[in-house]
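Enquirer: First the structure, which I've put down as structure tokens, then a few questions once you've had a look.
The values are calculated or read from the model by the stated rules, or taken from the named source; none is laboratory data. Treat the numbers as computed from the prediction; the structure is a model and nothing was measured. Neighbour counts are summed over all protein chains in view; Cβ atoms, including those assigned to glycine, are modelled from backbone coordinates with ideal geometry.
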Amino acid sequence: MPTGKQVSVDQYSGSTADQDRSSMDLTASKPVSETSRQYTTELLSIENVSLSFGGVQAVTDISFNIMEGEVRAIIGPNGAGKTSLLNIINGFYHPQEGVINFRGKQRRRMKPYQAAASGIARTFQNVALFKGMSTLDNIMSGRSLKMHRGFLWQVIHLGPARNEEIQHRRRVEEIIDFLEIAHIRKQPVGRLPYGLQKRVELGRAMAMEPELLLLDEPMAGMNLEEKEDMSRFIIDLNSEFGTTIALIEHDMGVVMDLADRVVVLDYGKKIADGTPTEVQASQEVIDAYLGVAH
Amino acid sequence: MFYREAGQFKTSYAADQALLPIRQDRIGLGLILLVAFVAVPLLASDFFIGSIMIPFLVFTLAAVGLNILTGYAGQLSLGTGAFMGVGAYACYKLTTYFPDINILFMVLLSGIFSAAVGVVFGLPSLRIKGLYLAITTLAAQFFLEWCFIRIGWLYNYNDSGAIEVPQRKLFDIAITGASASPTVRYLVIVSLVALMTLVAANVLRGRIGRSWMMIRDMDIAAELMGVRPLYAKLSAFAFSSYYCGVAGALMVFFWIGSAEAEAFDINHSLLVLFMVIIGGMGSLLGCFMGAAFIWILPIAIRAVPQMLGLDVIAATTEHVSNIIIGVLIIFFLIVEPHGLARLWQIGKEKLRTWPFPYSSN
Amino acid sequence: MTTRTLITLAAGMLAASSWIPVAQAQDSLYVPSMTYRTGPFAGGGTPFADGYADYFNMLNERDGGINGVRIVVDECETAYNAQKGVECYEATKDKGALAYSPLSTGITLALVPKAPVDEIPIFSMGYGLSAAAAGDKFPWTFVYPASYWSQLSSIIKYIDENGGVEGQKIGFIYLDAAYGKEPIPLLDQLAETMGFEVAKFPVGVKEMQNQSSQWLNVRKERPDWMIMWGWGAMNPTAIKEAAKIRFPLDRFIGNWWAGSNNDLNAVGEAGKGYLAANFSGIGQDFPALQDVLTHVVKKGMSKVASEDDVGNVLYNRGLFNAVILAEGIRVAQDMTGKKIITGADMRDGLEGINLTEARLTELGLPGFTGEVKGSCEDHEGGGSIFIQQWNGSNWEKISDLIPPMSDVVRPMLEEAAEAYVSDKPNWQAQTCG
Amino acid sequence: MEMLHSIFVSPFIEMGAYPDFFLQVVWEGFVAGVLYSLIALGFVLIYKASGVFNFAQGIMVVFAALALVSLHGMGVPAWLAVILALGIMGLLAIGVERLVLRKLVNQHDAILLMATIGLTLVLKGVGQLLFGGEPKPMITEELGLPTGSTDWEVFDGIVIFQHIDIAATVVALLMVLALALFFSKTRIGRALRAVADDHQAALSVGISLHQIWAIVWFASGIVALVTGIMWGARSEVSFALEIIALKALAVLILGGFTSIPGAIVGGLIIGIGEKLFEVYWGALFGSGVEAWFAYVLALIFLLFRPQGLFGERIIERV
């Protein structure tokens, strides 16, 4: 098994060439305890958003916001519109009504790649890795937006194009180290076990160095040990790199431990919003999960 | 035993990202290049060079073009023949307008016309996917074929309706036309193919190639990673058509010597597609293997009864080779959908662990 | 054993077999035969190839070859495909090939420039480049006994003799490919000089069996006569469609590739009255064909499906091709005094060919065709054709030989030859007389 | 100006001036359309049940017709030849299912398409080996199909109806009806629809996919034979027919891959459309536009309605 030279995060952080808004450089440690965290800047806000498909109402009049640096959970029973909401945020669906503000600016109707360019990354409920590519290439693909060398440089693959490739490789290796997946670096992802695939997908999203990371059921189908690993990565990602995270998750234990605030959806409507403890106490949430008739 | 990278440590990412990170592969490639550039021109007969090596290389280049589009960018195309035709006709027009400019330059330039046409016919790919797209490429195939017949300007209003290759020289040696020796034409083609394969390999391992593969594997995820489908798909069409166009120009100018519109018909497109399937989608090595296989197999089948001294009607061997190729295509799809290239890779992995079959991860 | 090893081995074997110089037995005459017994035009290719091979075999069986030297006929399947055709050429040219009959316009065009380099003549009998009739510009190419242009002029002559062409409208339905388009310049020219109108109806190669639009257009245009430059499945379809729109079939003339038994068998009784040009005799009633039957077909050495196929139009066409080549070999042997000749000798032989009626009778083919006399300038020979008519089950010759309008055609041929040569600076022409 | 006139005005004046001719054009287009529909029908049957895009449908048409004609040529009476030809198509269906489909379950669309391209080569080779490559006349009369024609005098002119064309239309209609009955009234037919809806679900209620596949391939083999007979009667049976069959692909795009009404309507639109276009507008483009009209029409259509005439709008999910 050929291995590249291993590089640690510490060794390279802060000294890389890619200086544009590099969130990885933010190593300021943050308090872990939920109650003491205060967030002041609003990163994303959604106001009165509604979405329907040919008469089927997927999301109805939802408003909520995500603060910079927090972990925001979106929960709700199956079919509550959680994934649709993520799809709206990263521009895959276009709501018929409502306003989305990102970093204080109202967002126009945008394409997914524009959302990606503005700093929103995403993982998927059913793993959406590039099956024909290796772990390394999958994570490298997250760097797409940060690579700029033109076609002619690509053709000769020398000089700037090669240097660019190597610089980004260095970044990707940091992520590989962070996620502890160095041993599968060159394996095609299609052959990896599910848990590892999820991890690679997280790595790919991390490689985008997003301001806002959307995680759609990152722990679905995992066993306890894998869930613990994944939780650890999410916490580290949030606290070490300060990445804002919005996640959908069914495992309430995980949600209560990770999230700063929780928004609860049911039948496309928002039924509760607040800290985990507040939400847990809400009668409406309990009814929704226990299936009380509306 | 002999094919093993143990002890070859890489100390930089540059080394790890090299095209051929393993020393044995580099030696192998060196040997192949030595054979291709030295042994074949010195030793092989005119028939072997002119009717086996030249067509093989022309088809390889076309297969590389199609493989970029289908194997790497995931857009199935049945219009390869027509794009090759665009290259050939463009080259023909260019040489009539600028007879003094070097033919090699014209061949490379003609690919650009083909790329432009490719982009136009690639536009539907933004809305249409999969099999539907495959069928719309048929529209390109038939429309362009009709243009080759109907637009007299394309063939200089020749009475014969065909394009004919003028004689051109490089360093005072005839490289096109009937008096150009097969060896000279072969050397031109083999250099171009080697160069263009290297370029393809470079593009494919870089940012642009990755964006094509992202679109291929999961277009939605690719878009959410910031890949613009418009750029990615159209650039794949353009790049792929460029290769097909150059292959078409080479086919007419360095191989057959003249061509009617029928030379670029749907069967030609399918032939290149077979090469890509049998060689392996998403593999450059596969293009070489597939082209060699599909081009050489019928010649070999034709030669068999002769060697055995049997008197078989020429047509019968033709039918038999049809059947064999058809069966092989199905066989490959069933047993190894990734083609010869994948078999080769499996073979290499076996070699790596031999004689200890269980020692690898 | 990996795949690459296999491929390398296979390639190596091939290479080895083709690297060894072919030890050509110097006691025979090698005549390659490019055939297309497969593909969409197989219906025409098969009988042609049979006639070609059977005549040479007959010479071998009856006379022991030509002047005592046996002829080796080597078939190579091209499937009417130019790439395969070129491959066949490359594979056989070093075996001492005397002449090639490529049997496809596409292959002919590819081979014409190669002929002077390899010094092997191309004999494209009544197809390929019309311009090649100008022997001074095309020393290595022959189109005996007539070029497409000569043929067209003869057909127009026939129309003129049967009601006149002036003021008439003549429809031209053709295969939309190089082959079908070739006579158009002459047709336009004749229309101008002889005062008739032309309507053109192209049929795409892929639409050969789907011609209702073309014939609807014919109905719209109402031409007085129709001329067809068709091939393969296009012919029966066209005749059926013509019958459907009630076009009078005795005013519908096909060229010599649109008038075979295969074409009309598919139409049968409905095709009664249809006319076609031809230059090779119909039927088995020639001594030479009887010899073919006795010495080859009845001995089971032929590939024909039944004895009835001997003598049909395309069979006889293939046989005629062989007759001219055989005659060329004889002339070359006489000229050089050698038994075993080369391609260059063969070229001289073909140029010196002189098939008079007397010579044809000697060959056992009295009245089979018009005179074919070659010369340095003239590589198309006589150029005469006759018109045949389908009687519902077979062809009947209904006209005498019609010579072409040489006064119009010849200058045009020379002009075309000049144009072909003009952009080829190193073209090898020859000076005559 | 003149250009616009010849595009937008004069063709319509011409249509009005010779309405009998216009009707004839429409009728010819209709008949061609029926034949396109039949080929497309063969595609749809297979695609619906097995998700295979059968590129070999065209060669199956040739193969079936050649088998029929060659058997008759060997002295087999026409009715028996039909039965035997059907038998051959049945064997082919079973063979394809056993040797190809069964081994390619759950493969990607494109792989299945390419497998049928391989099948095309095999059938081409086998067909020519067994039956010979030369074209053969269709045994129209022996099969009891009508010949001759009827004139309809209308608008001071005539429209000519060939009896064989009328027969083709009737047979096509009967076949569609038979298929409809088969799907709605028989157990196998219902199973087939279930498979078309959801493979997994069908499997879970005990429907044998293998059996269903063999049956649909056989059904489209029957359709192929009928198409071959009809088209063969119009010209002859030869391998050149295969290429025309490609036009059915354009029909499918118009009609959608899974809709039988779509195949029929799409076929008629393309048949009539291309004849009208060739006759009234073809000259503007130098004629021969039929070669690409169908595909370009399909392409333009796709840009506006990617799911076809009768297909359902696809909502992509992440």
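Enquirer: Working only within segment A:190-236, note down all residues that are in contact with a strand residue (DSSP E or B) (Cβ under 7 Å, 6 or more places away or on another chain) and assigned to a helix (DSSP H, G or I). Before you say what the answer is, go through the steps one by one.
Expert: Initial filter on segment A:190-236 (in contact with a strand residue (DSSP E or B) (Cβ under 7 Å, 6 or more places away or on another chain)): A:205, A:208, A:210-218, A:234.
Across segment A:190-236, the qualifying residues are A:Ala205, A:Ile234.
Enquirer: Where residues in segment D:135-158 are among the β-branched types (Val, Ile, Thr) and in contact (Cβ under 8 Å) with a residue 40 or more places away in the chain, which of them is nearest to D:Ala81 (Cα to Cα)? Full working, then the answer.
Expert: Residues of segment D:135-158 that are among the β-branched types (Val, Ile, Thr), as a first pass: D:139-140, D:147, D:150, D:154, D:158.
This time we only want the ones that are in contact (Cβ under 8 Å) with a residue 40 or more places away in the chain, so: D:139-140, D:154, D:158.
Numbers: D:Ile139: 11, D:Thr140: 13, D:Val154: 41, D:Ile158: 38 Å.
So, considering only residues that are among the β-branched types (Val, Ile, Thr) and in contact (Cβ under 8 Å) with a residue 40 or more places away in the chain, the one nearest to D:Ala81 (Cα to Cα) is D:Ile139.
Enquirer: Here's another thing I want to ask about it. Does D:Ser50 count as hydroxyl-bearing (Ser, Thr, Tyr) and more than 30 Å from D:Ala115 (Cβ to Cβ)?
Expert: no
Enquirer: Working only within segment A:127-142, note down all residues that are in contact (Cβ under 8 Å) with a residue 24 or more places away in the chain and either of a type in the set (Asp, Glu) or within 8 Å of chain B (Cβ to nearest Cβ) (or both).
Expert: A:Ala128, A:Leu129, A:Phe130, A:Lys131, A:Gly132, A:Met133, A:Met140, A:Ser141, A:Gly142
Enquirer: Any residue that is surrounded by 17 or more Cβ atoms within 10 Å (Cβ to Cβ), out of contact with any strand residue (DSSP E or B) (no Cβ under 8 Å at 6 or more places or on another chain), of a type outside the set (A, V, I, L, M, F, W, C) and outside any strand (DSSP E or B) - is there at least one of those in segment D:146-158?
Expert: no
Enquirer: Only residues that are surrounded by 16 or more Cβ atoms within 10 Å (Cβ to Cβ) and not hydrophobic (A, V, I, L, M, F, W, C): list them for segment C:411-423, please.
Expert: So in segment C:411-423, the residues surrounded by 16 or more Cβ atoms within 10 Å (Cβ to Cβ) come out as C:412-414, C:416-417, C:420-421.
Scanning segment C:411-423 gives C:Glu414, C:Tyr420.
Enquirer: On to the next question. Mind counting the residues in segment B:106-120 that are under 21 Å from D:Phe293 (Cα atoms) and surrounded by fewer than 23 Cβ atoms within 10 Å (Cβ to Cβ)? Before the answer, list the steps.
Expert: Of segment B:106-120, the ones under 21 Å from D:Phe293 (Cα atoms) are B:117-120.
Restricting the remaining residues to those that are surrounded by fewer than 23 Cβ atoms within 10 Å (Cβ to Cβ) gives B:119-120.
Matching residues across segment B:106-120 total 2.
Each row is one residue, and each column tells you yes or no for (1) within 12 Å of another protein chain (Cβ to nearest Cβ); (2) of a type in the set (Phe, Trp, Tyr).
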{"site": "C:Ala49", "(1), (2)": "yes, no"}
{"site": "C:Tyr55", "(1), (2)": "no, yes"}
{"site": "C:Met58", "(1), (2)": "no, no"}
{"site": "C:Asp63", "(1), (2)": "no, no"}
{"site": "C:Tyr80", "(1), (2)": "yes, yes"}
{"site": "C:Val86", "(1), (2)": "yes, no"}
{"site": "C:Glu90", "(1), (2)": "yes, no"}
{"site": "C:Lys95", "(1), (2)": "yes, no"}
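Enquirer: Please determine, by comparing only the residues of segment C:386-410 that are within 25 Å of C:Arg347 (Cβ to Cβ) and away from every other protein chain (no Cβ under 14 Å), which one is surrounded by the fewest Cβ atoms within 10 Å (Cβ to Cβ).
Expert: Here is the first cut: in segment C:386-410, the ones within 25 Å of C:Arg347 (Cβ to Cβ) are C:404, C:406, C:409-410.
Next cut, away from every other protein chain (no Cβ under 14 Å) only: C:404, C:406, C:410.
Details: C:Pro404: 24, C:Ser406: 14, C:Arg410: 19.
Among those residues, the one meeting the criterion is C:Ser406.
Enquirer: So which pairs qualify, if the first residue must be in segment A:196-225 and among the basic types (Lys, Arg), the second must be crowded, with 24+ Cβ neighbours inside 10 Å, the Cβ gap must be under 7 Å, and the two must be at least 6 apart or on different chains?
Expert: Within 7 Å, the pairs are A:Lys198/A:Pro218; A:Arg204/A:Asn138; A:Arg204/A:Ile139; A:Arg204/A:Ser141; A:Arg204/A:Gly142.
Enquirer: Considering D:Trp217, D:Trp231, D:Trp281, D:Trp213, which residue is at pLDDT 80 or above, more than 9 Å from chain B (Cβ to nearest Cβ), assigned to a helix (DSSP H, G or I) and surrounded by fewer than 20 Cβ atoms within 10 Å (Cβ to Cβ)?
Expert: Details: D:Trp217 fails: surrounded by fewer than 20 Cβ atoms within 10 Å (Cβ to Cβ); D:Trp231 fails: surrounded by fewer than 20 Cβ atoms within 10 Å (Cβ to Cβ); D:Trp213 fails: surrounded by fewer than 20 Cβ atoms within 10 Å (Cβ to Cβ).
Exactly one residue qualifies, and that residue is D:Trp281.
Enquirer: I've got another one for you. In the set A:Ile184, A:Ile175, which member is away from every other protein chain (no Cβ under 11 Å) and modelled with pLDDT of 85 or more?
Expert: Values: A:Ile184 fails: away from every other protein chain (no Cβ under 11 Å).
Exactly one of A:Ile184, A:Ile175 is away from every other protein chain (no Cβ under 11 Å) and modelled with pLDDT of 85 or more, namely A:Ile175.
Enquirer: May I ask you to list the residues in segment C:216-264 that are at positive phi and either touching a residue at least 40 places away in the same chain (Cβ under 8 Å) or buried (at least 24 other Cβ atoms within 10 Å of the Cβ) (or both)? Spell out how you get there, then give the answer.
Expert: Restricting attention to segment C:216-264, the residues satisfying the condition of being at positive phi are C:222, C:232, C:246.
Answer for segment C:216-264, where residues must be at positive phi and either touching a residue at least 40 places away in the same chain (Cβ under 8 Å) or buried (at least 24 other Cβ atoms within 10 Å of the Cβ) (or both): C:Arg222, C:Gly232.
Enquirer: Taking segment C:190-215 as the search range and keeping residues that are surrounded by fewer than 24 Cβ atoms within 10 Å (Cβ to Cβ) and of a type in the set (Gly, Ala, Ser), which one is nearest to the other protein chains (Cβ to nearest Cβ)?
Expert: Residue satisfying both the conditions and the ranking: C:Ala199.
Enquirer: If you don't mind, another one. Could you say which residue among B:Leu192, B:Leu234, B:Leu198 is at pLDDT 85 or above and in contact with a helix residue (DSSP H, G or I) (Cβ under 6 Å, 6 or more places away or on another chain)? So that I can check it myself, show each step before the final result.
Expert: Working: B:Leu192 fails: in contact with a helix residue (DSSP H, G or I) (Cβ under 6 Å, 6 or more places away or on another chain); B:Leu198 fails: in contact with a helix residue (DSSP H, G or I) (Cβ under 6 Å, 6 or more places away or on another chain).
When all the criteria are applied, what remains is B:Leu234.
Enquirer: Output the residues belonging to segment C:233-248 that are among the β-branched types (Val, Ile, Thr), facing chain D (nearest Cβ under 8 Å) and not in a loop (DSSP other than H, G, I, E, B).
Expert: Within segment C:233-248, just C:Thr237 meets the criteria.
Enquirer: Kindly provide the set of residues from segment C:257-295 that are over 14 Å from C:Phe320 (Cα atoms), of a type in the set (S, T, N, Q) and away from every other protein chain (no Cβ under 14 Å), ordered by number.
Expert: To start, the set of residues in segment C:257-295 that are over 14 Å from C:Phe320 (Cα atoms) comprises C:257-277, C:285, C:290-291, C:293-295.
With the extra rule that they be of a type in the set (S, T, N, Q), the set shrinks to C:260-262, C:265, C:290, C:294.
Answer for segment C:257-295, where residues must be over 14 Å from C:Phe320 (Cα atoms), of a type in the set (S, T, N, Q) and away from every other protein chain (no Cβ under 14 Å): C:Gln290, C:Thr294.
Enquirer: Would you tally the residues in segment C:111-142 being part of a loop (DSSP other than H, G, I, E, B) and either more than 14 Å from C:Ser375 (Cα to Cα) or in the same structural domain as C:Trp229 (by TED's automatic domain parsing) (or both)?
Expert: 11
Every residue, every condition in (1) within 14 Å of chain C (Cβ to nearest Cβ); (2) without any contact (Cβ under 8 Å) to a residue 24 or more places away in the chain; (3) farther than 30 Å from B:Glu262 by Cβ, yes or no:
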| residue | (1), (2), (3) |
| --- | --- |
| B:Lys10 | no, yes, yes |
| B:Ala14 | no, yes, yes |
| B:Asp46 | yes, no, no |
| B:Ile52 | yes, no, no |
| B:Val58 | yes, no, no |
| B:Leu61 | no, no, no |
| B:Ala82 | yes, no, no |
| B:Cys91 | no, no, no |
| B:Phe105 | no, yes, no |
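Enquirer: For the subset of segment D:234-254 comprising residues that are modelled with pLDDT of 80 or more and within 20 Å of D:Val171 (Cβ to Cβ), which member is farthest from the chain's Cα centre (by Cα)?
Expert: Out of the qualifying residues, it is D:Val237.
Enquirer: Could you identify the single residue in C:Asp176, C:Asp160 that is surrounded by 24 or more Cβ atoms within 10 Å (Cβ to Cβ) and among the charged types (D, E, K, R)?
Expert: Working: C:Asp160 fails: surrounded by 24 or more Cβ atoms within 10 Å (Cβ to Cβ).
Criteria check complete, one pass: C:Asp176.
Enquirer: Do we have any residue at all in segment C:68-77 that's more than 9 Å from chain B (Cβ to nearest Cβ), at pLDDT below 90 and assigned to a loop (DSSP other than H, G, I, E, B)?
Expert: yes
Enquirer: May I ask you to verify whether A:Gly159 is over 20 Å from A:Leu214 (Cα atoms) and either among the charged types (D, E, K, R) or more than 10 Å from chain B (Cβ to nearest Cβ) (or both)? Spell out the reasoning first.
Expert: Working: over 20 Å from A:Leu214 (Cα atoms): yes; either among the charged types (D, E, K, R) or more than 10 Å from chain B (Cβ to nearest Cβ) (or both): yes.
Yes.
Enquirer: Here are the criteria: (1) touching a strand residue (DSSP E or B) at 6+ places or on another chain (Cβ under 8 Å); (2) hydroxyl-bearing (Ser, Thr, Tyr); (3) closer than 30 Å to B:Thr96 by Cβ. Tell me which single one C:Ser384 does not satisfy.
Expert: (3)
Enquirer: Evaluate segment D:80-97: report whether one residue or more is assigned to a helix (DSSP H, G or I), on the phi < 0 side of the Ramachandran plot and within 14 Å of chain C (Cβ to nearest Cβ).
Expert: Kept after step one, since they are assigned to a helix (DSSP H, G or I), are these residues of segment D:80-97: D:80-97.
The next check asks that each one be on the phi < 0 side of the Ramachandran plot; those that pass are D:80-97.
Restricting the remaining residues to those that are within 14 Å of chain C (Cβ to nearest Cβ) gives none.
So far as segment D:80-97 goes, no, none of its residues is assigned to a helix (DSSP H, G or I), on the phi < 0 side of the Ramachandran plot and within 14 Å of chain C (Cβ to nearest Cβ).
Enquirer: Would you say A:Gly79 is modelled with pLDDT under 85 and more than 10 Å from chain B (Cβ to nearest Cβ)? Quick ask: steps written out before the conclusion?
Expert: Details: modelled with pLDDT under 85: yes; more than 10 Å from chain B (Cβ to nearest Cβ): yes.
Criteria met by A:Gly79.
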